[in-house]
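J.: Once you've had a glance at the structure underneath, I'll fire off some questions.
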């Protein structure tokens with residue numbers, strides 16, 4: 001049987017193989033993704049973001065167990081942007097799998113960023129697409145949410161959780177609270193630690209400030225800036241995920257948010273944001289890939305050398321490279 | 001007198017205006033950058049990265065004061081990727097300027113990321129270029145270093161500092177220690193806090209592990225993967241930057257690293273990495289900008305709508321958009 005058919009029936013080995021092909025950029029991967037796309041759109045995608053040390057991985061584990069207790073299938077994509085340098089993702093999967101080992105209703109994959117800048121967003125979206133096609137009902141996408149790219153990845157979900165922990169420099173977190181605005185649900189994890197009241201107070205204060213209309217420019221993307229929907233008031237939940245405390249309430253809150261999205265018609269807004277973001281990332285990746293396939297490395301190196309000696313400026317170098325390539329021809333060739 | 005001439009003479013208002021033009025993407029900005037490029041390459045660029053809460057801003061302030069005590073001029077670029085959502089960078093400049101107000105030997109600029117994904121790296125490089133041309137001798141580039149993009153930005157420096165603070169989840173930091181590999185100097189800031197010994201021990205352990213040869217793939221970029229130079233052993237320094245303690249030793253370490261780079265010939269390697277990274281980012285930005293200038297928004301929206309209903313897959317959508325555009329014509333038009 002064909003890999004696609006097996007994947008659609010939920011065959012784990014087929015799924016694992018397809019994911020590897022996507023991650024490695026195998027030529028077949030594109031074809032698989034293309035053929036699977038029409039089978040997607042059924043999963044509820046949950047982004048989980050927060051600073052390192054907030055216990056996101058353990059929280060995701062506890063949440064997955066909670067879903068499993070309700071016989072809901074769960075896919076987990078853990079994005080770790082710092083891994084490429086040391087291969088840190090190696091450890092992740094094994095630790096994570098411990099509590100969920102042998103359960104075919106869960107599929108966990110840690111991803112390091114092997115590709116170019118920006119490539120992580122595309123690869124993550126593609127792995128989510130595979131899990132969706134394979135029939136997983138909830139997909140948790142976990143990122144280390146301090147970087148711009150990682151926040152964007154977590155944001156491209158139906159429901160976004162922002163995780164904090166007590167005592168991690170609350171003032172700093174409140175100031176750098178930009179990521180809070182993307183939250184549908186706040187989680188204060190490690191809620192048995194000192195300072196939980198203070199963290200929650202800081203969070204509430206930041207929330208009140210952010211209710212004020214903002215006059216600052218939002219990021220310009222293909223996607224229209226998402227207007228925060230104030231008819232959904234993001235709840236603040238406490239969890240102690242090492243003991244699975246609060247996981248049931250968190251699952252309920254996610255399900256309520258999903259129901260809210262459908263009833264209010266905002267589901268379609270989220271889908272629009274997700275589609276536009278995905279298209280944008282893919283366009284960027286595709287453009288640079290097609291250009292690089294055409295440019296001889298020696299030509300690039302020659303520009304770099306002239307830049308180092310300041311005999312050419314980068315803008316002239318870019319023009320020279322773009323003039324040397326024929327992106328149009330590449331487009332035609334790839335059609 | 002022309003803006004360029006004034007900037008080259010160190011006129012602060014000319015510099016501020018040029019920076020604003022770069023940030024706003026004014027049409028003149030490109031021309032200014034192009035004409036200034038041959039005057040750059042004199043500054044020593046110092047990347048400062050680390051998790052939120054490690055006190056990077058205060059450390060950068062203390063370091064700037066130390067340099068000023070030695071009559072060395074300093075430019076500071078503070079990159080805050082989370083700001084766009086709330087305009088958090090507003091606060092930054094004022095707090096920062098307090099200790100250095102009125103000193104014309106310092107120039108500080110906080111940057112939020114208003115552009116598209118990846119645009120932050122390009123804009124940061126351009127602001128550094130302006131500060132370099134304006135004659136600042138040391139340029140500190142501070143990023144919140146957990147995200148992939150932000151780590152790349154800090155890495156595109158001559159000397160990279162990685163800042164940690166005690167008690168911020170040492171195990172987690174050690175596991176997610178990928179960013180440590182990019183460090184030329186480690187700083188344990190807030191060294192008067194509990195757990196400083198433990199943090200340093202965890203750091204030393206991670207360092208020893210990373211001395212082993214790595215068989216994991218590195219990121220593929222235009223730039224050749226930078227081979228860590230083991231003849232420079234990254235020192236671990238302790239600072240209490242609120243009291244400026246350790247700032248003098250840190251400045252000495254940076255200057256020693258600069259001397260090492262020049263003597264060992266590795267300065268040129270760093271310049272190569274910097275130039276290649278800059279060229280790559282500019283190429284990406286330029287490609288997508290030229291494409292977007294050509295595509296009617298309705299056409300993009302039509303693809304997104306079809307993606308939402310799953311009547312078209314993203315790969316087919318990208319092909320359709322690329323076929324509709326004529327990047328080659330755009331290249332010619334912009335030359």
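Throughout, read-outs are computed from the coordinates displayed, never taken from laboratory work. For clarity, every value in this text was computed on a predicted model and none was experimentally measured. Ideal geometry is used to build each Cβ from the backbone, glycine not excepted, and the neighbour counts take in all protein chains shown.
J.: So how far, in whole Å, is the C-alpha centre of the range A:227-303 from the one of the range A:10-62?
T.: 13 Å
J.: Compute the distance in nm between two label points, each set 7 Å from the Cα along the Cα-to-Cβ direction, one at residue B:310 and one at residue B:289.
T.: It works out to 3.9 nm between the two label points.
J.: Also, I was wondering about something else. With labels modelled as points extended 7 Å from the Cα through the Cβ direction, what inter-label distance (nm, one decimal) is found for residue A:34 paired with residue B:299?
T.: With each label placed 7 Å out from Cα toward Cβ, I get 2.0 nm.
J.: Provide the gained length on full extension for the span residue A:101 to residue A:233, in nm with one decimal, where the gain is 0.36 nm per separating residue minus the Cα-Cα distance.
T.: 43.9 nm
J.: Label residue A:13 and residue A:26 with points 7 Å out from Cα along Cα→Cβ: what is the distance between them in nm?
T.: Each label point is offset 7 Å from its Cα along the Cβ direction, giving 1.3 nm.
J.: Quote to one decimal, in nm, the extra length available between residue B:194 and residue B:4 on full extension: 0.36 nm per residue of separation minus the C-alpha distance between them.
T.: This chain segment gains 63.4 nm when fully extended.
J.: Same structure, new question: Is the shape of the range A:1-42 rounded, prolate or oblate, going by the alpha carbon gyration tensor and its root eigenvalues a ≥ b ≥ c, with a/c under 1.5 for rounded and a/b larger than b/c for prolate?
T.: Oblate.
J.: Which whole number gives the average count of other chain Cβ atoms within 10 Å of the Cβ atoms across peptide B:52-59?
T.: If you average over the peptide's residues, the count of other-chain Cβ atoms is 3.
J.: So the label point sits 7 Å from Cα along the Cα-to-Cβ vector; using that for residue A:20, what distances do you get to the other copies, in nanometres, sorted shortest first?
T.: Label-point separations across copies, in nm and ascending: 5.7.
J.: For label points placed 7 Å from Cα toward Cβ, what is the shortest-first list of nm distances from residue B:103 to its copies?
T.: 5.6
J.: Let me ask something else about it. For Cα pairs less than 8 Å apart in space and 6+ apart in sequence, what is the mean separation divided by the residue count of the range B:1-80, i.e. the relative contact order in percent?
T.: Reported as a whole number, the value is 15 percent.
J.: Give me the inter-chain shielding for A:40-49: mean count of other chain Cβ atoms within 10 Å, whole number please.
T.: 1
J.: Averaged over its residues, how many other protein chain Cβ atoms are within 10 Å of peptide A:275-281's Cβ atoms?
T.: 6
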